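Undergrad: Take this structure, written in structure tokens, and hold onto it; I'll ask about it next.
Every number in this text was worked out from the coordinates using simple rules, so none of it is lab data. Since this is a predicted model, take the numbers as computed values, not measurements. Methodologically, a virtual Cβ is constructed for each residue, glycine included, from the backbone with ideal geometry; neighbour enumeration extends over all protein chains shown.
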Amino acid sequence: MLLMKHNDTGKLVRHVIACNIRSLRIESGQSQAKFAEMVGINRSYMNQIEHGTKNMSIDKLMRIADGLDVPITRLFEGLGECAPRNLQAEAVYALVKLPDIED
């Protein structure tokens, strides 16, 4: 039985969002500091978001999406494509062996 722990799933989602935010910001030609200021987020917090180490509220995600002039769903693009790879890479870690049941 293969299960992905909640914490692992959260890391994966944060990583996908972080990569999308960073690439969209760079594509738009904005520095991280200027973008963070424009959307009203502390620059160091923005750095943590782009490195996938910070959880974000929906409010912050909406502000970031608005600042990038994209729908919020764009920040989640690619999540479906990377999940299977991630599951394979972490299969040993996430494998749950149920204890033997004795009669």
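Undergrad: Roughly what would the spin-label model give for THR73 and CYS19, points 7 Å off Cα along C-beta, in nm?
TA: 2.1 nm
Undergrad: Output wanted: per-residue J couplings in Hz (rounded whole) for the range 51-62, from phi through Karplus 6.51 cos²θ - 1.76 cosθ + 1.60, θ = phi - 60°, x for Gly and Pro.
TA: My calculation for the range 51-62 gives 9, x, 9, 10, 6, 10, 7, 4, 4, 5, 4, 5 Hz in order.
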